[in-house]
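Right, I'll just put the structure down here and ask away after.
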Amino acid sequence: MKNMKRVWKYFKDNKLFIIIALMASAVVSATDGATAYLVKDILDEIFIAKNEKMLRLIPIIIISIYIIRLVARFFQSYFIQYAGQNAVQNIRKEMHHKMIRLPMSYYDSNDTGAMMARIINDVTNLQNAIPAALKIFRSVLSIFFLIAVVLYQDLKLGSTLFITLPFMILLIDKTGKKVKKYSRKQQERVGDMATALQETFSGVRVVKAFANEKKEKVNFFHLNAREVKYRLKQALVSSLSSPIMEAVAGFAIAAIIFYGGLKVINGETTAGTFFSFITAFGLTFDPFKKINNNNSTIQMANASADRIFSVLDMHNDILDNDGDIECDARDKTIEFRNVKFAYNETDGSVLDGFNLNVKPGTTVALVGSSGAGKSTIASLIPRFYDTTEGAILIGGTDIRDFKVHSLRKNIGIVSQEAFLFNETIAYNIAYGNGEQDTEKIKQAADSAFALKFVEDLPDGFDTVIGERGDRLSGGQRQRLTIARALLLDPPLLILDEATSALDTESERIVQKALTNLMQGRTSFVIAHRLSTIINADMIVVLDKGKIESTGTHAELLEKSEIYSKLCQMQFCQD
């Protein structure tokens with residue numbers, strides 16, 4: 001019920017439609033009782049008494065009942081679906097908004113496919129909760145009206161119905177718990193499948209290059225089989241519960257036919273009364289089956305609600321501790337003051353007492369072996385993560401005192417993976433800037449040495465570049481990300497292995513574009529290719545999260561053993 005109350009929040013904007021649907025459900029349920037009651041008059045008045053007046057009247061009544069039922073069922077079905085679709089839209093919107101605002105640590109520990117499954121599959125399951133609850137409401141009303149008919153026709157005989165009620169309720173409860181358990185497992189397996197598909201399709205070149213289609217096929221077969229296993233367990237529970245209910249109903253009806261038949265034979269009741277009774281009694285079990293089936297749907301939604309609300313209830317330590325100062329990093333000193341950082345409590349510190357003072361307009365190169373902490377520093381500046389201890393200051397102000405989004409607007413990032421959206425080139429260059437001025441976009445492309453190849457494309461800046469920009473070469477993609485940073489015109493710049501994935505010719509062109517980009521900005525450059533950072537104003541050599549040495553290229557060749565070895569391995573010349 002706790003989950004259902006939270007789900008209701010998304011439906012309450014459409015409560016008028018839900019109320020109409022509830023009223024329509026009550027009308028539909030009443031027609032069930034009316035139909036059962038009419039059996040008495042059909043038998044007694046038409047077939048036994050041969051009353052022609054009733055022969056003309058009862059068919060008109062039946063037609064009227066079913067016209068009313070038709071209209072009521074339409075309002076019930078359409079309005080609840082209308083409310084459900086609006087609720088899905090609201091839930092997905094909130095889920096998406098929440099997920100894209102969660103910290104990077106969440107993305108480090110969750111698969112893309114599993115996150116997609118929560119927004120698509122789990123929310124769809126949740127959509128079915130209110131319609132299923134409405135159907136349960138209708139079934140309960142149907143049971144109420146039918147029991148009223150049963151007791152009205154024969155109070156003593158009808159009371160035997162209450163013997164079966166506890167058994168029905170217990171069966172519904174046990175079935176629901178089992179379905180929820182298996183549904184949660186099944187939804188987790190859907191997430192695993194989505195992750196596998198996303199990886200396979202994104203990395204299809206690697207799959208084909210290593211002729212590993214068969215391996216991927218087998219892997220997906222096992223994932224699919226595990227998902228189907230839990231679906232079949234749900235089906236087993238559901239398939240058993242309905243026949244058990246029918247068997248109970250069968251035994252009860254057999255006993256009632258025997259006992260009621262004796263009463264008709266002995267003249268204690270009429271055939272019409274008895275058949276009206278047995279019709280209402282038999283129809284009572286059908287709503288129980290519907291309650292059981294719809295309860296299974298609700299329990300599936302309940303399992304999805306657990307997964308959805310676990311995300312919506314997550315805390316974002318960064319945004320929860322957002323600052324209130326607008327950031328302007330232009331011409332400001334960047335200071336790292338005794339910074340310590342660990343990604344989690346179990347692993348050791350990645351940075352341990354990192355201190356550095358960077359003057360405005362300085363190009364700082366961070367070098368060191370893999371795992372030394374270079375990329376971690378680049379992630380701490382825009383507050384993708386917060387320091388475990390110590391502080392990073394811009395112009396003497398702790399970056400945690402700045403508004404997060406204001407801080408990030410001051411930072412341009414060009415990384416090794418040139419991520420682009422499946423949109424036009426103009427859209428990708430202007431992304432994050434909000435600037436749609438065609439001339440400024442062209443100027444940014446020109447400064448990034450991208451203008452010529454863009455204008456050579458059939459649709460120029462309106463060219464759609466495919467998923468992740470796959471229709472362009474690596475160098476072309478990287479130049480577009482540089483143009484994107486140029487249009488943003490940030491005072492701070494982070495270049496994280498920006499040329500490491502490029503061939504020599506592409507690297508030469510991109511390096512020219514980066515030179516344009518770094519002019520007049522405070523830049524942090526991470527590079528394995530030391531040839532690209534020889535002219536940096538300051539080179540910082542990292543070793544196990546600490547600074548081993550700082551200086552220029554020439555100075556470090558003299559005083560840093562680590563830097564000298566790195567240069568020798570890359571055939572770097574003094």
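Only one of these conditions is not met by F461: (1) in a helix (DSSP H, G or I); (2) among the aromatic types (F, W, Y); (3) surrounded by fewer than 16 Cβ atoms within 10 Å (Cβ to Cβ). Which number is it?
(3)
Another question about this same structure. Whether any residue in the range 61-69 is assigned to a helix (DSSP H, G or I), closer than 30 Å to A305 by Cα and touching a helix residue (DSSP H, G or I) at 6+ places or on another chain (Cβ under 8 Å) is what I want to check.
Looking for residues that are assigned to a helix (DSSP H, G or I), closer than 30 Å to A305 by Cα and touching a helix residue (DSSP H, G or I) at 6+ places or on another chain (Cβ under 8 Å), one finds none in the range 61-69, hence no.
Here is a follow-up. Please report, ordered by residue number, the helices (runs of 4 or more DSSP H) entirely within the range 356-454 with at least 3 residues that are closer than 21 Å to F524 by Cα.
Per the criteria, 374-380, 404-409.
Restricting attention to the range 382-415, report how many residues are under 27 Å from the mean Cα position of the chain (by Cα) and farther than 24 Å from E326 by Cβ.
Adding up the residues that qualify gives 1.
Could you check the range 503-561 for strands (runs of 3 or more DSSP E) lying wholly inside it with 2 or more residues that are of a type outside the set (G, A, S) and crowded, with 20+ Cβ neighbours inside 10 Å? First the steps, then the outcome.
Values: elements: 522-526, 538-543, 546-551.
Passing ranges, in order: 522-526, 538-543.
Considering the range 417-427 alone, what residues qualify as being within 20 Å of L492 (Cα to Cα) and surrounded by 19 or more Cβ atoms within 10 Å (Cβ to Cβ)? Explain how you work it out, then say what you get.
Here is the first cut: in the range 417-427, the ones within 20 Å of L492 (Cα to Cα) are 417-419.
Within the range 417-427, just A418 meets the criteria.
Could I ask something else about it? I'm trying to understand the selection: among the residues of the range 79-116, which are among the aromatic types (F, W, Y), in contact (Cβ under 8 Å) with a residue 40 or more places away in the chain and surrounded by fewer than 16 Cβ atoms within 10 Å (Cβ to Cβ)?
Result: Y82, Y106.
Now for a different question. What is the one condition in (1) in contact with a Pro (Cβ under 6 Å, 6 or more places away or on another chain); (2) buried (at least 16 other Cβ atoms within 10 Å of the Cβ); (3) in a loop (DSSP other than H, G, I, E, B) that I318 does not satisfy?
Result: I318 fails condition (3) only.
Continuing with the same structure: Scan (1) of a type in the set (D, E, K, R); (2) without any contact (Cβ under 8 Å) to a residue 12 or more places away in the chain; (3) assigned to a helix (DSSP H, G or I) for the single condition E268 breaks and write down its number.
Failing condition for E268: (3).
Would you mind telling me which numbered condition in (1) modelled with pLDDT under 80; (2) of a type outside the set (G, A, S); (3) under 27 Å from G33 (Cα atoms) V207 fails?
It is condition (3) that V207 fails.
Among the residues of the range 354-380, which ones are out of contact with any Leu (no Cβ under 7 Å at 6 or more places or on another chain), buried (at least 22 other Cβ atoms within 10 Å of the Cβ) and under 12 Å from F341 (Cα atoms)?
Matches in the range 354-380: F354, L380.
Another question about this same structure. Any residue in the range 464-488 that is surrounded by 21 or more Cβ atoms within 10 Å (Cβ to Cβ) sitting within a Cβ distance under 7 Å of a residue that is hydroxyl-bearing (S, T, Y)? List the pairs, counting only those 6 or more apart or interchain.
From the range 464-488, the pairs are G475/S506; R484/Y431; L486/S447.
Now for a different question. Could you tell me how many of the residues in the range 76-103 are in a helix (DSSP H, G or I) and either modelled with pLDDT of 90 or more or under 30 Å from H315 (Cβ atoms) (or both)?
17
With the requirement that a residue be touching a Lys or Arg at 6+ places or on another chain (Cβ under 8 Å) and of a type outside the set (A, V, I, L, M), what does the range 288-303 give you?
Hits for the range 288-303 are K290, N294, Q299, N302.
Does L38 satisfy the condition of being exposed (fewer than 12 other Cβ atoms within 10 Å of the Cβ) and either in a helix (DSSP H, G or I) or of a type in the set (A, V, I, L, M) (or both)?
Taking the combined requirement at face value, the residue does not satisfy it.
Restricting attention to the range 321-334, report how many residues are crowded, with 16+ Cβ neighbours inside 10 Å and more than 20 Å from G412 (Cβ to Cβ).
Selection size over the range 321-334: 2.
The values are calculated or read from the model by the stated rules, or taken from the named source; none is laboratory data. What you are looking at is a predicted structure, and each value in this text was computed from that prediction instead of being measured. FYI the Cβ positions are ideal-geometry reconstructions off the backbone, even for glycines, and counts take in every protein chain you see.
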